[in-house]
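Notes to accompany the following structure.
None of the figures in this text is laboratory data; all of them are computed from the coordinates on show. Since this is a predicted model, take the numbers as computed values, not measurements. Cβ: placed from backbone, ideal geometry, glycine included. Neighbour counts: every protein chain shown.
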There are 2 protein chains.
Amino acid sequence: MADQIPRVVVLRLPMYARVLSGLVKENRKVVSSQELGARLQVTPAQIRKDLSYFGKFGKQGSGYSVKKLLVELRSILGLDREWSVAVIGAGRLGKALIKYPGFAPQGFNVVGAFDNNPHLVNKKVGKVTVRSIDQLEDSVQELGINVGIVAVPAPEAQNVVSVLLRCGVKAILNYAPAVVQVPKDVQLREIDPLLALQSMTFYLKETRTPRRDRGVRS
Amino acid sequence: MADQIPRVVVLRLPMYARVLSGLVKENRKVVSSQELGARLQVTPAQIRKDLSYFGKFGKQGSGYSVKKLLVELRSILGLDREWSVAVIGAGRLGKALIKYPGFAPQGFNVVGAFDNNPHLVNKKVGKVTVRSIDQLEDSVQELGINVGIVAVPAPEAQNVVSVLLRCGVKAILNYAPAVVQVPKDVQLREIDPLLALQSMTFYLKETRTPRRDRGVRS
DNA sequence: CCGTGTGAATGAGTTCACAGCC
DNA sequence: GGCTGTGAACTCATTCACACGG
């Protein structure tokens with residue numbers, strides 16, 4: 001069970017898992033692909049098809065056991081274990097990421113932070129102490145880093161990524177607004193709000209000065 | 001020229017524009033789809049095909065004028081004008097977004113910030129003063145908001161989005177880890193580092209304890 | 001000759017529609 | 001009756017391959 005699974009399917013599984021977590025909290029026991037789809041803006045057929053790549057998790061006539069399906073998905077995604085994350089770049093963005101309280105509860109522990117600014121090195125940010133980027137290479141092994149989050153300025157991004165690659169890190173989340181190259185056995189995700197904004201404005205161009213009913217308050 | 005253009009194409013155009021900006025700075029006059037592709041990890045054919053949806057911008061035998069193509073793309077994407085952005089939620093993340101210095105140079109001006117926490121209201125963050133979320137509806141018109149960035153806790157996200165929709169905002173960048181529903185004439189982009197991380201770990205599962213050559217330092 | 005622009009061919013991903021089971 | 005699981009049909013996206021122009 002390796003990689004003949006469509007990329008897009010893997011990108012959707014975490015969304016399914018998130019909705020299921022919500023349903024667990026609502027104490028829902030069972031859910032249909034129909035309802036899951038409605039909550040996710042995805043067709044029921046797509047959900048069933050996606051899940052079918054991994055096995056048969058549902059019961060005909062009723063649907064899926066919320067708890068069971070969530071456990072399955074978490075196992076499939078490798079979320080039933082802890083991951084050690086390094087944040088590289090401890091500027092405004094890096095600091096925000098290091099302190100972000102949403103990672104740890106999901107098993108992503110920020111265990112290291114790195115920056116090349118001497119004013120930041122040895123300072124504490126959240127629970128970790130910032131180290132020099134020179135130490136990154138050694139620290140990856142020491143700290144057992146599995147995942148790198150890159151939050152350095154664009155021109156430095158490729159260098160940092162190259163170091164991570166050399167250390168055997170196989171998953172990189174890149175916040176730098178730069179294209180970085182990785183071999184295809186390495187996972188890379190880009191987070192870039194500007195690209196997102198710029199792709200939305202394309203569709204906004206036509207929508208000029210939307211008529212608004214003036215005065216009357218509903 | 002409306003919307004028979006594939007979604008994915010529109011998502012790629014901003015990347016092209018970004019690389020072209022870089023080339024302008026390097027004083028490159030001309031570029032081929034070949035080279036553009038190499039810098040972006042995209043096939044040359046794809047670039048040519050993508051551009052062909054909008055016109056003929058290249059010269060056979062030589063390639064594309066860097067400057068001219070950039071101007072064209074910026075015009076196509078609606079980046080040759082200014083956009084007014086509201087950030088809703090002025091917590092840790094919201095503050096970072098409000099202060100992010102990368103938006104303004106690209107024509108995205110954060111002109112309003114909103115939060116429902118009384119301790120934050122009327123406080124200055126960066127260049128803007130935080131207003132109460134109650135004022136959001138009126139402010140959208142007053143400030144001419146075109147784009148909303150949502151950085152509130154997940155449970156509040158849909159409410160905030162609904163207000164934005166009521167005000168006629170047609171582009172929303174959602175940082176809240178929640179699925180929000182919008183009509184299809186509204187553009188929505190999601191930014192969620194956790195989903196990104198969780199989709200990477202799927203591929204990491206198999207890669208166990210990568211053998212490292214011990215001792216010898218290269 | 002080199003590189004664009006593009007129909008045509010291929011490939012990937014989604015939806016349909018229905019058999020099978022609860 | 002209701003809902004899953006899934007081949008088959010279809011839609012959407014990418015790549016090929018070549019005619020054409022500088």
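Values for this structure:
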| item | result |
| --- | --- |
| Chain A, closest residue to the rotation axis toward B, by beta-carbon, whole angstrom | A:Ala96, 2 |
| Mean separation of Cα contacts under 8 Å, 6 or more apart, over the residue count of segment A:1-123: relative contact order % | 21 |
| Euclidean distance of C-alpha centroids, segment A:1-72 and segment B:104-174, integer Å | 33 |
| Distances in nm from B:Asp138 to the matching label points in the other copies, shortest first (labels 7 Å along Cα to Cβ) | 6.0 |
| Mean separation of Cα contacts under 8 Å, 6 or more apart, over the residue count of segment A:83-196: relative contact order % | 24 |
| Other-chain or far-sequence residues with amide H under 5 Å of A:Ile149's (modelled H) | A:Ala86, A:Val87, A:Ile88, A:Leu173 |
| For segment B:156-163, 3J(HN,Hα) per residue [Karplus equation, 6.51 cos²θ - 1.76 cosθ + 1.60, θ = phi - 60°, Hz, x = Gly/Pro] | 8, 4, 4, 4, 4, 4, 4, 4 |
| Square roots of five times the Cα gyration tensor eigenvalues for chain A, Å | 35, 27, 18 |
| Computed [θ] at 222 nm, deg cm²/dmol, chain B (DSSP H ≥ 4; -39,500 (n - 2.57); rounded to nearest 500) | -12500 deg cm²/dmol |
| Taking chain A and dividing mean pair separation by its residue count, relative contact order in percent (alpha carbons under 8 Å, at least six apart) | 13 |
| ³J(HN,Hα), Karplus 6.51/-1.76/1.60, whole Hz, each residue of segment B:50-57, x for Gly, Pro | 4, 5, 5, 5, 10, x, 10, 10 |
| Peptide A:13-20, shielding by other chains (average Cβ, 10 Å cutoff) | 4 |
| Helix axis angle, B:66-77 relative to chain B longest principal axis, alpha carbon, degrees | 40 |
| Within 10 Å of each Cβ in B:107-115, the average number of Cβ atoms from other chains | 1 |
| Two-site FRET efficiency, A:Lys29 against B:Gln60, from Cβ-Cβ distance with R₀ of 60 Å, rounded to 0.05 | 0.40 |
| 10 Å Cβ neighbours from other chains, averaged over peptide B:83-89 | 1 |
